[in-house]
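For reference, the structure discussed in these notes is given below.
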Amino acid sequence: MQIRHSGLGIASFILSLGGGVALFLLVVLAGFAEINSPGGLDEGAPMAVLLGLGIIGAGLLEMVALALGVAGIVQHGRRRVLAILGVVFACGALLGTAGLMVIGALS
């Protein structure tokens, strides 16, 4: 009998990839909006609010992926590869976003 992949690991992997792509696209869009706005993007502008909410939502999606990945890793009798990849990708996306926020706050 072949060992099957963990359902939690599969979900973690898919969510971490989707959340990572969403975070990347939203940060790029925020950068373009900042560059193309005279005097910078107004924090109260509807586009800035939507971009901020999107980034927060994608960050929450990455945290869910991280939790599912950890749960998939500790499951017994299942393959752990996708769960480990989900945790790695989710951590990378969260740390990358946090790093960009720190760089933005310092400049």
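See the values below:
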| read-out | value |
| --- | --- |
| Enumeration of residues in the range 64-93 that are surrounded by fewer than 20 Cβ atoms within 10 Å (Cβ to Cβ), part of a helix (DSSP H, G or I) and either of a type in the set (D, E) or in contact with a Leu (Cβ under 7 Å, 6 or more places away or on another chain) (or both) | V64, A71, C91 |
| Count - residues of the range 19-49 that are more than 18 Å from V70 (Cβ to Cβ) and not in a loop (DSSP other than H, G, I, E, B) | 20 |
| Yes/no for I56 being surrounded by fewer than 19 Cβ atoms within 10 Å (Cβ to Cβ), among the aliphatic types (A, V, I, L, M) and under 16 Å from A98 (Cα atoms) | yes |
| Selection status of G9, small (G, A, S), closer than 30 Å to G72 by Cα, part of a helix (DSSP H, G or I) and in contact (Cβ under 8 Å) with a residue 60 or more places away in the chain | yes |
| Selection count where residues are in contact (Cβ under 8 Å) with a residue 12 or more places away in the chain and out of contact with any helix residue (DSSP H, G or I) (no Cβ under 8 Å at 6 or more places or on another chain), scope the range 68-87 | 1 |
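Quick note: the coordinates plus some simple rules give every number you see, no bench work behind them. The model shown is predicted, which means the values in this text are computed figures rather than measured ones. When we count neighbours, we look across all protein chains shown, and the Cβ atoms used for this are built from the backbone with ideal geometry, even at glycine.
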